[in-house]
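S.K.: Handing you a structure now.
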Amino acid sequence: MVSHNVTANGIEATFKIANTMAGEDALVEATEGLRDGFSVGAQINEWTNNKGVMQITSATLDEVSLVTDPAIDSARVSEVAASENEEKKDSDLATADSENPTEGDQVSDTTAPAPAVEEAVEAAKVEAAAPKPAFYTAPRLEFTKAKYLENSVRAKLGDDAARQYVMAADDTTSNNAGLIPTRQLTEVINPLSNADRSTIDAISRGVLPDAGMSFEIPKITAVPTVEDENEGDAIVETGMTNSFLTVNVNKYAGGQTFSVELLDRSNPVFFDELVRQMEYAYALATDKFVATTIIASGQLAPTTQANTATGLLGFVAEAAAEVYADSLGFARNLIVTPEQWSKIMSYNDSGRPIYTASQPQNAGGAVSPQSLRGNVAGLDLYVSRALGINKSAAPTGDGTMIVINPDSYTWYESSRFRLQTNVALNGQIEVAYYGYGALAVKVANGSCHFNLT
């Protein structure tokens with residue numbers, strides 16, 4: 001990015017494209033509208049959960065990618081401009097000479113038509129507008145190891161003739177297989193971790209206090225009562241009392257140690273990917289803690305249900321009533337394991353799908369194989385892999401589901417921090433990634449769980 005300007009409609013930025021084959025392709029694709037969208041990659045610093053909508057208030061820009069389908073459709077390339085000046089056309093020089101004749105030149109009548117000249121100019125325009133080939137046919141050259149080595153060095157120094165020689169020598173992979181390098185792309189395949197925190201998303205969020213490793217929240221322990229009193233009887237006094245719920249603040253941290261050579265001599269993508277993977281590990285650790293705590297503090301459904309569409313409805317109905325009775329708040333969310341998510345998608349009525357149905361008369365909700373969010377039996381669905389990880393803590397398992405009043409649990413969290421330290425004696429670099437979080441169990445029985453079998 002060369003420059004940027006913040007306007008009322010967004011951010012207008014100017015980017016410089018490298019003079020490479022990939023750069024040329026990007027310019028052509030942007031010009032023709034084949035790949036002209038922008039995707040912004042940013043590290044989220046501060047955000048809030050506003051009724052299930054993630055609102056980012058602070059972020060650090062990491063990169064901007066040129067993509068086919070941007071998340072925001074209006075984020076598009078507005079102009080593509082070449083940086084090199086075009087050479088002056090011969091026709092322009094001829095015009096200039098005719099306007100300034102030298103002594104002895106014969107000046108023709110400018111009012112007379114000159115079809116031959118016009119045709120020549122038009123032909124020159126067509127030739128100038130025609131696309132130029134990116135490569136030329138390799139010339140017939142004598143190839144030897146010594147000449148190849150010499151031209152390889154000259155090509156690195158910018159010699160175009162030497163570059164053509166090397167291209168001609170490497171015409172096929174079978175001719176010079178040992179001279180053709182194996183390229184490594186900058187994209188990273190990661191099937192092991194991501195930033196999903198579905199369990200935390202299913203509960204309420206709060207702002208972590210700026211100091212201390214614990215904080216307190218007032219909690220009502222007794223409320224005033226009103227009774228039917230006879231005339232003349234004394235009014236019974238019942239005082240309201242309260243206590244304080246103590247919430248502990250936990251630190252979640254991870255680190256990596258690597259050599260200074262790896263940082264200095266490797267692709268810059270390495271360090272960016274390292275930080276991204278630390279963020280993924282942080283997300284998994286915090287979501288796992290919240291899932292474990294909810295299972296341990298919540299109540300178990302009193303009735304055993306089968307893992308069928310009928311059993312699901314029976315569990316949700318019973319659990320919702322239990323949650324309201326104990327928390328005086330409505331259950332709004334349903335958290336399930338990935339295995340139970342799959343099971344719900346298979347529920348059917350005589351072969352017709354129930355929760356993936358397209359016809360309203362047969363649809364009992366909306367569950368998609370391409371989304372971890374949905375709607376089941378009137379509750380918002382959240383698919384949490386953290387529940388699957390905690391199968392050793394009963395009663396979690398493949399069919400685990402949690403009906404929850406999100407106001408009964410609140411997650412407080414700080415911004416994430418990155419600490420980098422250089423060790424002078426051995427030239428190593430230590431990078432730590434950490435943050436602080438606290439879970440307040442405001443009403444323990446504000447959730448009800450069961451493992452459908």
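S.K.: Please report the net charge: other residues with Cβ closer than 13 Å to the Cβ of Ala13, K and R +1, D and E -1.
M.R.: -1
S.K.: Can you tell me how much longer the chain between Gln299 and Ile217 gets when fully stretched, taken as 0.36 nm per residue apart minus their C-alpha distance, in nm with one decimal?
M.R.: 27.3 nm
S.K.: Near Leu262, within a Cβ-to-Cβ distance under 15 Å, what is the net charge of the other residues, with Lys and Arg +1 and Asp and Glu -1?
M.R.: -4
S.K.: In a shell of Cβ-Cβ distance under 9 Å around Ile200, excluding Ile200 itself, what net charge do Lys and Arg (+1) and Asp and Glu (-1) give?
M.R.: So the surrounding residues net to -1.
S.K.: Using a cut-off of under 17 Å, list every residue of region 45-75 whose amide N is near the label point 7 Å from the Cα of Glu12 along the Cα-to-beta-carbon line.
M.R.: 74-75
S.K.: Let me ask something additional. Once both labels are modelled 7 Å past Cα along the beta-carbon direction, what's the Val226-Met1 spacing in nm?
M.R.: 5.9 nm
S.K.: What FRET efficiency do you get for Phe330 and Ser58 if R0 is 22 Å and r is their Cβ-Cβ distance, rounded to the nearest 0.05?
M.R.: Efficiency for this residue pair is about 0.10.
S.K.: With all distinct Cα pairs included, what does the Kirkwood hydrodynamic radius of region 401-453 come out to in Å, to one decimal, could you say?
M.R.: Averaging 1/r across every pair of different Cα atoms and inverting gives 14.8 Å.
S.K.: Using r as the Cβ-Cβ distance of Phe244 and Ala321, and R0 as 30 Å, what FRET efficiency do you calculate, to the nearest 0.05?
M.R.: Efficiency for this residue pair is about 0.50.
S.K.: For an R0 of 25 angstrom, estimate the FRET efficiency from the Cβ-Cβ distance between Asn426 and Arg265 and round to the nearest 0.05.
M.R.: Between Asn426 and Arg265 the formula returns 0.90.
S.K.: Take the residue pairs Lys288/Lys343; Lys251/Lys442; Lys251/Lys343 and return only those whose Cα atoms are more than 28 Å apart.
M.R.: Lys251/Lys343
Readers should treat all values here as calculations from the given coordinates under stated rules, not as data from a laboratory. The shown structure was predicted, so the numbers you read here are calculated from the model rather than taken from an experiment. Note: ideal-geometry Cβ built from the backbone for every residue, glycine included; neighbour counts use all protein chains shown.
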